[in-house]
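Nothing in this text is a laboratory measurement; each read-out follows from the coordinates by a stated rule. As the structure is a prediction and not an experimental result, all values here were calculated from the model. Cβ atoms come from the backbone with ideal geometry, glycine included; neighbour counts cover every protein chain shown.
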Amino acid sequence: MAENQKDIVTIDGPSGSGKSTICRIVASRLNYTYLDTGAMYRAVGYKARQQNIDLEDGPSLGLLLDSLDLTLLPGDGDTRVLLDKKDISAAIRTAEMGLVASKVSAQPVVRQKLTQMQQKMGEKGRIVAEGRDTGTVVFPGARYKFYLDASPEERARRRYLQLLEKGEKADQQDILAQILKRDANDSSRSLAPLKAADDAVIIDSSQLSIDDVVHFILEKVSASLANSTK
Ligand code: DC
C-alpha cells in the first residue's frame, strides 16, 4: 500500500445511494477532508455547456480543462464549488447536470485530468473520497474502501422524498428513469466504469438508515486502525 494512501477512505457507488450524506458525516467524525469527485465532473460539464462544447468532443474538452479554474471548499452541507471564482454549487446539482457530468466523464481527457487533480488533493492523506472510481482508479492503495449500493427503486424513492422536502415538484417514475440511465452510462463506459474494487466492502443500504451505514463504516475503520497499531 502506498504510504500516503494509508489514511484514505473511498466510498463509491451509483447515484442516489446516499454517498454524499454518508461521506460528509464520516469525514467529519474522523476529522478528515471530504473530497466530492462528482462535483468536479459536474463543474466540467457545466463549463462545457456554458461554452457550447459538444459533450463528446475530446479535443475541445481538453482545451477547456487546460484553463480550468476550479476550487472545492468545504460547506455546511454540500461542498461549495467555485468555477472561475464564481459559486456554481447550486447550478451543478440538478438532475440535468448529473446526466451532463455522466456524459463528459466518459471522455478519457476529462478522466485523466480530474484523476490527476484528485490524486494531488489526496497527497497528504486523511481524506474521504466519494465517486465512482475512487477505490479502483484514483486511490487504488486506499486502506479503507467501501461500495455503497441500494436498489434503483429505493434510490428513486429517496431522491423523490428529498425533492419534495425542498418544495420541488417531482415524479418518482421520471427519477427512476434518470437513475437507470445514469447507472447504464456510468457502468458501461470503457474507462474507469462504476464498479466495486475487489477489496471494497460492499454495503447494500436498501434496508439501512444513514446512521446504520455511518456506524458500520466507522466501526470497520476503527477496527482496522486498532489492528494496525498492535
Ligand atoms: O456523484 P455525482 O452524482 O455528483 O456524479 C456525477 C457524475 O459524474 C456521475 O454520473 C458520473 C461522474 N463521476 C465519475 O465518472 N467518476 C467519479 N469519481 C465521480 C463522478
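Sorted fewest first by neighbouring Cβ atoms within 10 angstrom, Y144, Y32 come out as Y32, Y144. Extension gain, N52 to E165, is 37.4 nm, computed as 0.36 nm per intervening residue step minus the present C-alpha separation. In terms of its Cα atoms, the range 100-227 spans 45, 38, 25 Å along the principal axes, sorted from long to short.
For the range 1-123, the residue among V44, L64, L99 whose Cα projects farthest onto the positive side of the dipole built from Cβ charges is L99. Close amide H pairs (under 5 Å, H built 1.01 Å from N) link S206 with S151, residues at least 5 positions away or on another chain. Taking Cα centre as origin and charging only the Cβ of basic (Lys, Arg, +1) and acidic (Asp, Glu, -1) residues, the dipole magnitude of the chain rounds to 360 debye. Put one equal scatterer on each alpha carbon of the range 80-130, apply the Debye formula with no solvent term, and list log10 I(q)/I(0) at q = 0.16, 0.17, 0.19, 0.26 1/Å to two decimals. Here log10 of I(q) over I(0) equals -0.63, -0.71, -0.88, -1.15.
Listed by Cβ neighbour count within 10 Å, with the fewest neighbours leading, T21, T136 appear as T21, T136. Using just its DSSP H runs of length 4 or more, each adding -39500 (n - 2.57), the chain gives a mean residue ellipticity at 222 nm of -15500 deg cm²/dmol after division by all residues.
The alpha-carbon atoms of the range 1-154 define a convex hull whose volume equals 112 cubic angstrom per residue.
Across the range 1-94, Cα pairs under 8 Å and at least six residues apart give a relative contact order of 19 percent. Rounded to the nearest 5, the antiparallel percentage of DSSP beta bridges internal to the chain is 25%.
Simple point charges give the picture: +1 on the Cβ of Lys and Arg, -1 on the Cβ of Asp and Glu, and for the range 1-115 a dipole about the Cα centre of about 220 debye.
Put simply, the convex hull of the Cα atoms in the range 13-85 casts, on average, a shadow of 5.8 nm². Between the listed residues P140, A200, L163, the Cα displaced farthest toward the positive end of the dipole of the chain, a dipole computed from Cβ unit charges relative to the Cα centre, is found at P140. What is the chain's relative contact order, in percent, from Cα pairs under 8 angstrom and six or more apart in sequence? For the chain, the relative contact order is 33 percent.
Evaluate the relative contact order of the range 98-182 (contact order divided by residue number), counting alpha-carbon pairs under 8 angstrom at least 6 apart; express in whole percent. Worked out over the range 98-182, it gives 25 percent. Subtracting the Cα-Cα distance of D212 and Q116 from 0.36 nm times their residue separation leaves 31.3 nm of extension gain.
Ranking of S188, S17, S206 by neighbouring Cβ atoms within 10 Å, starting from the fewest: S188, S206, S17. Taking label points 7 Å from Cα along the Cα-to-Cβ direction, L82 and S151 give a separation of 4.5 nm.
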